[in-house]
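The values are calculated or read from the model by the stated rules, or taken from the named source; none is laboratory data. All values reported here derive from a predicted model rather than from experimental measurement. Here the Cβ is made from the backbone with ideal geometry for all residues, glycine too, and neighbour counts use every protein chain on show.
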Amino acid sequence: MFDGLVAFGHSIWNFCDPLSLGLVMLSSLVGVVIGALPGLTATMGVALMTTLTINMPSNQALLVLVCTYVGAIYGGSRSAILLNIPGTPASAASCLDGYALAKQGLAGRAMGIATSGSVLGTLIGMFFLALFTPVLGNLALKFGAYEFFWLALFGVIVAGTLTGNDPLKGWIAGLIGIFVATIGQEAIYAYDRFSFGSRDLAGGIQLVPALVGAFGFAELLVAVRERPAPVKINPFDSVIPKFKDVAQYWRTILRSGVIGTFIGILPGVGEDVAAWSSYAAAKRVSKEKEKFGKGSIDGLMAAETGDNACVPGAVIPVLTLAIPGSAPAAVLMAAMLIHGVRPGPMIMVESPAFVYDVVAMMMFATIGILIYGLTLTNLLIKVLMVPKPIILPIIFVLCVVGSYAISQRLFDVWVMLAFGVLGYALRRLHYPVAPLVLGLVLGDLMEKGFRRGLVLSDGDLTPFFVRPISAVLWITIVLVILFKIPLLQRLGRRLTGRAAAPAA
Amino acid sequence: MWAAFGCLMTVLSWQMDRMTSQGATLHTAPGLWPGIIGVVLATLGGMLMVRSWRRAAHIGWDAAQEDETDYAPARSFALAVALFMIYALLLVGRGVPFWLGTAIFVSAFIFVFQVAGRKASGGIARGAIVALACGAVTAAAVTYLFEHVFYVRLP
């Protein structure tokens with residue numbers, strides 16, 4: 001515990017130079033602006049910033065990405081409150097009460113609540129990040145090929161189940177991601193798969209151009225296709241958070257912080273589910289249920305605390321298991337790999353200080369969003385007023401040049417375009433894109449786990465099912481799938497209905 | 001569609017070299033994993049297809065494909081996609097200097113998508129100047145940032 005605090009102190013000190021502090025302020029601002037602009041998501045922001053930071057030292061590059069991530073999740077609340085349009089999917093729950101408060105002339109108070117909820121949520125998540133990462137890291141040392149196979153599959157299945165309205169489409173999106181990860185030379189015999197004689201394809205699909213396409217270009221296409229909502233800003237009062245709001249709703253803050261962090265730890269689920277779950281939990285126990293959706297401070301506080309607490313939560317499995325907890329965390333993980341950081345079970349052995357570096361990055365990001373939360377409202381309103389035709393081509397230029405900059409080859413630009421079209425088509429057909437990303441990121445780990453496991457057991461599948469951690473994982477996966485089969489859902493409802501009837 | 005794609009994946013995986021000359025067994029063959037993914041994808045795709053047919057038979061194709069999104073005209077979407085593709089496929093890396101291609105693309109995009117509004121307010125010339133200025137500033141800033149700050153050799 002004491003060692004951890006010392007390491008955390010060292011990490012903070014290491015970032016206390018003018019350049020790092022400048023990067024914190026700049027990247028938090030970029031994150032808040034990206035998050036506030038409807039149509040631009042945190043995943044897109046982190047993916048674009050990954051391409052911009054490719055030549056920076058790893059710690060500074062990751063500092064930029066963490067600040068962008070935290071800033072974007074927070075920034076989404078601004079357009080949710082001011083325009084009733086969630087800046088990112090994570091802020092959809094904040095629209096309900098945030099905009100209702102704004103219509104009552106309390107937009108400033110709503111933004112103050114969003115700021116205090118987001119700051120406290122990130123701090124709670126940060127606390128759990130520092131507390132759980134070493135523990136989970138030690139547990140992860142017990143994981144072998146079999147467990148990693150199931151864990152990666154668990155991530156894709158859970159993401160497919162929870163991130164859209166249709167689990168079947170979510171699982172298909174995950175499988176497409178896993179398929180894309182098989183393109184190129186496989187690991188054992190260096191055999192070219194699905195490359196059709198192309199040297200570029202034989203090298204495999206690089207993660208960052210694919211992610212920039214699936215989240216950057218695809219979101220631009222969605223923004224072009226959909227008619228923009230009219231921008232009408234309600235007048236607002238002071239944005240300084242009130243101590244009374246924080247003190248009165250401390251239970252909501254703690255509860256939502258814990259829920260958000262826990263949902264962040266679940267592979268592939270993400271901030272939007274964290275916000276909605278925290279909101280639902282707050283409504284369930286609130287004494288003012290009737291106010292929810294009509295300007296409830298409790299509801300807004302819950303949603304904003306939950307989604308920001310999810311950010312450090314989503315980083316916990318990245319660091320300990322190399323399994324991302326959300327789509328932006330998947331991009332963050334890809335960036336760590338590009339910068340030579342090897343997240344996974346060995347991190348507490350090889351570079352324990354890095355874990356505390358990430359905690360310190362979260363803390364600096366929290367300071368960044370607090371500063372901008374208190375000062376940036378008028379600038380953000382001006383940004384929200386900038387017409388789409390000016391923003392879209394600039395972002396597209398960054399998508400193109402960012403994809404190119406990774407390896408300086410045009411093939412990556414084509415990959416970005418192809419994934420953009422694929423991502424757009426999936427969105428139009430109501431497929432969630434997060435499982436695709438999880439499949440893409442985890443496909444390689446899953447295949448390696450599967451084939452290594454088979455090699456170790458000489459083709460015997462039994463160890464996949466009987467080892468204790470493997471058994472827990474595959475049983476959970478089966479239960480998650482079974483609970484989503486309509487026939488079994490109806491059967492379950494009928495059984496619980498019958499059980500409730502005699503009790504009544 | 002996914003069912004067909006899954007089947008195609010399975011067939012291609014089956015046709016892959018088994019690498020037996022290098023001592024590979026069934027469980028280390030390169031096509032095993034993509035083959036499994038193909039089978040699962042074909043199965044899920046088949047389930048989705050059957051479900052769509054049943055839903056369409058129940059409520060009709062039109063109702064099954066109902067979408068409440070407020071879309072912009074298809075023509076402006078096609079124009080935007082065309083501009084995106086012209087920039088990415090023809091202006092970048094095809095001999096045109098990066099800064100020039102970027103300036104042309106950004107200016108053209110802004111001008112084309114604001115021209116209707118500008119025409120209505122009688123400010124086409126002002127719109128063109130704004131578009132050119134945005135294009136020039138973006139091209140200069142992105143080129144400087146990537147070439148002189150990030151040391152990327154631009155296409």
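Quick notes on this structure:
- Residue in the stretch A:239-247 that is more than 30 Å from A:Ala152 (Cα to Cα), in a helix (DSSP H, G or I) and in contact with a Pro (Cβ under 9 Å, 6 or more places away or on another chain) present: no
- Residue list for the stretch A:51-66, filter: crowded, with 24+ Cβ neighbours inside 10 Å, in contact (Cβ under 8 Å) with a residue 60 or more places away in the chain and more than 17 Å from A:Ser407 (Cα to Cα): A:Leu63, A:Leu65, A:Val66
- Only a single criterion out of (1) more than 14 Å from chain B (Cβ to nearest Cβ); (2) modelled with pLDDT of 90 or more is not satisfied by A:Pro393, namely (1).
- Some residue of the stretch A:34-50 being surrounded by fewer than 24 Cβ atoms within 10 Å (Cβ to Cβ), of a type in the set (A, V, I, L, M) and either in contact with a helix residue (DSSP H, G or I) (Cβ under 8 Å, 6 or more places away or on another chain) or assigned to a helix (DSSP H, G or I) (or both): no
- Filtered residue count, the stretch A:107-139, keeping only those that are aliphatic (A, V, I, L, M) and surrounded by 21 or more Cβ atoms within 10 Å (Cβ to Cβ): 11
- Tabulated pairs, the stretch A:455-477, first more than 22 Å from A:Gly155 (Cα to Cα), second β-branched (Val, Ile, Thr), C-beta under 8 angstrom, 6+ apart or interchain: A:Val455/B:Thr28; A:Gly459/B:Thr25
- Residues of the stretch A:284-299 satisfying the condition of being under 26 Å from the mean Cα position of the chain (by Cα) and over 24 Å from A:Gly105 (Cβ atoms): A:Arg284
- Residues (within 10 Å of another protein chain (Cβ to nearest Cβ) and either under 29 Å from B:Ile86 (Cα atoms) or basic (Lys, Arg) (or both)) located in the stretch A:432-451: A:Lys448, A:Arg451
- First in the stretch A:157-168 and of a type in the set (A, V, I, L, M, F, W, C), second anywhere and in a loop (DSSP other than H, G, I, E, B), Cβ under 7 Å, 6 or more apart: A:Val158/A:Leu266; A:Val158/A:Pro267; A:Val158/A:Gly268; A:Val158/A:Val269; A:Ala159/A:Pro267; A:Ala159/A:Gly268; A:Ala159/A:Val269; A:Leu162/A:Val269
- Unmet requirement for A:Ile188, which otherwise passes all of (1) of a type in the set (A, V, I, L, M, F, W, C); (2) assigned to a helix (DSSP H, G or I); (3) in contact with a Pro (Cβ under 9 Å, 6 or more places away or on another chain): (2)
- Residues of the stretch A:187-205 classified as in contact (Cβ under 8 Å) with a residue 40 or more places away in the chain, out of contact with any Ser or Thr (no Cβ under 8 Å at 6 or more places or on another chain) and within 13 Å of chain B (Cβ to nearest Cβ), total: 1
- Flag for A:Val472 being under 24 Å from the mean Cα position of the chain (by Cα) and not basic (Lys, Arg): no
- Meeting the requirement of 2 or more residues that are touching a residue at least 12 places away in the same chain (Cβ under 8 Å) and closer than 24 Å to A:Thr51 by Cα, the helices (runs of 4 or more DSSP H) wholly within the stretch A:337-397 are A:352-375.
- Subset tally (residues that are touching a Gly at 6+ places or on another chain (Cβ under 9 Å) and within 14 Å of chain B (Cβ to nearest Cβ)) for the stretch A:206-226: 13
- A:Phe132 aromatic (Phe, Trp, Tyr), touching a Phe, Trp or Tyr at 6+ places or on another chain (Cβ under 9 Å) and in a helix (DSSP H, G or I): no
- Within the stretch B:129-151, residues that are facing another protein chain (nearest Cβ under 8 Å) reach partners that are surrounded by fewer than 16 Cβ atoms within 10 Å (Cβ to Cβ) and at pLDDT below 90 with beta carbons closer than 8 Å, at six or more positions or on different chains, in the pairs B:Phe150/A:Asn55; B:Tyr151/A:Asn55.
- For A:Phe196, the conditions (1) in a loop (DSSP other than H, G, I, E, B); (2) of a type in the set (A, V, I, L, M, F, W, C); (3) crowded, with 21+ Cβ neighbours inside 10 Å are fulfilled apart from (3).
- Leading residue by the ranking (nearest to the other protein chains (Cβ to nearest Cβ)) among those in the stretch A:135-170 that are over 28 Å from A:Thr462 (Cβ atoms) and outside any helix (DSSP H, G or I): A:Asp166
- Boolean, A:Tyr424 is closer than 22 Å to A:Thr163 by Cβ and either in a loop (DSSP other than H, G, I, E, B) or at the interface with chain B (Cβ under 8 Å from one of its Cβ atoms) (or both): no
- Residue in the stretch A:296-318 that is in a helix (DSSP H, G or I) and surrounded by fewer than 21 Cβ atoms within 10 Å (Cβ to Cβ) present: no
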